[in-house]
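All remarks here apply to the structure that follows.
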Amino acid sequence: MQTHWKKLTNPNYLGAYSIENNQDLILTIKNVREERVTGPDGKKDDCVVCYFYENVKPMILNATNMKMITKLYKTPFIEEWAGKKIQVGIEKVKAFGDIVDALRVRKIIPQIEQTEEIVKCSNCGNDIINPSGRMSSVQLAEYTTQKYGQALCPACATKFAQETQNNVD
Ligand SMILES: [Zn+2]
């Protein structure tokens with residue numbers, strides 16, 4: 001799956017022009033799906049498109065960027081990319097004998113920002129912070145609420161998981 005460089009200038013999708021002052025974007029993946037994209041030249045192509053929770057245009061993912069997300073989060077399954085954060089910036093790439101600006105997923109997992117909401121554990125009262133940083137506090141709280149019926153910090157979630165297992169044995 002390759003992306004024609006002309007698609008990078010499709011105004012309906014995130015492009016190099018979406019980056020201001022060369023400042024990378026930190027984006028949270030909402031979902032990824034294949035869809036038919038109409039290029040500026042009117043040509044239709046099936047592309048992998050990534051939607052974000054942030055108020056930005058969707059991004060067409062090429063093979064390079066999908067491989068990077070796979071590497072960052074150790075899963076090739078697009079369903080498992082939902083909720084993950086990526087950092088997107090501009091890189092100069094060669095295309096058709098030209099050097100053009102292309103959007104690239106950076107080789108780093110963005111850290112949770114200080115301004116992000118931190119949920120308290122309803123069992124011990126500590127902040128819910130995921131040591132791996134792959135889920136935000138809010139996401140982890142939602143996840144544990146679904147699984148254990150209350151928002152739990154990783155330590156309490158581990159304890160609850162063990163207790164549940166003991167009850168089964
Ligand atoms: Zn706790």
Inset, instruction - Quote the charge dipole size of the range 1-150 about the Cα centre in Debye, to the nearest 20; the model charges only the Cβ of Lys and Arg (+1) and of Asp and Glu (-1). - result: 460 debye
Legend entry - Euclidean distance between Cα centres, the range 75-111 to the range 121-144, Å: 27 Å
Legend entry - Gyration tensor (alpha-carbon) shape descriptor, the range 114-161, a/c threshold 1.5: prolate
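When only DSSP loop residues count, what chymotrypsin sites (Phe, Trp or Tyr not before Pro) in the range 64-112 have their Cβ near at most 13 other Cβ atoms within 10 Å? Numbers along the way, then the final one.
Numbers: sites: TYR73, PHE77, TRP81, PHE96; in loops: PHE77, PHE96.
Sparse-neighbourhood loop chymotrypsin sites (Phe, Trp or Tyr not before Pro): PHE77, PHE96.
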Legend entry - Proxy reagent accessibility, fewest Cβ within 10 Å first, across ILE60, ILE26: ILE26, ILE60
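Are any of the pairs LYS44/LYS92; LYS43/LYS85; LYS30/LYS120; LYS30/LYS67 more than 28 Å apart by Cα-Cα distance, and if so, which? Before the final figure, lay out the partial values.
Values: LYS44/LYS92 25 Å; LYS43/LYS85 31 Å; LYS30/LYS120 24 Å; LYS30/LYS67 18 Å.
Over 28 Å Cα-Cα: LYS43/LYS85.
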Legend entry - Stretch in the chain that is longest and holds no GluC sites (Glu not before Pro) that DSSP places in a loop and that have at most 15 other beta carbons within 10 Å: 55-112
Legend entry - Cut-off of 10 Å, at most 10 other beta carbons, DSSP loop: longest stretch of the chain lacking such trypsin sites (Lys or Arg not before Pro): 1-73
Inset, instruction - Work out how much length GLU34 to GLN111 would gain on full extension: take 0.36 nm times their residue separation and subtract the Cα-Cα distance, in nm to one decimal. - result: 24.9 nm
Inset, instruction - Return the calculated 222 nm mean residue ellipticity for the chain, to the nearest 500 deg cm²/dmol, obtained by summing -39500 (n - 2.57) across DSSP H runs with n ≥ 4 and dividing by the residue count. - result: -7000 deg cm²/dmol
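Any idea what the dipole of the range 114-161 comes to, in debye rounded to 20, about its Cα centre with Lys/Arg Cβ at +1 and Asp/Glu Cβ at -1?
Details: 4 positive and 4 negative charges, 44 e Å.
The dipole of the range 114-161 has a size of about 220 debye.
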Inset, instruction - Run through all the Cα pairs of the chain and give the fraction in each 5 Å bin from 0, expressed as whole percent. - result: 1, 8, 15, 17, 16, 13, 9, 7, 6, 4, 2, 1, 0, 0
Legend entry - Dipole of the range 63-126, positive end: most advanced residue of GLY97, ILE78, ILE109 [Cβ charges, Cα centre]: GLY97
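Bear in mind that the values in this text are calculations on the coordinates, not laboratory data. Predicted model only: the values in this text are computed from it and were never measured. Cβ atoms come from the backbone with ideal geometry, glycine included; neighbour counts cover every protein chain shown.
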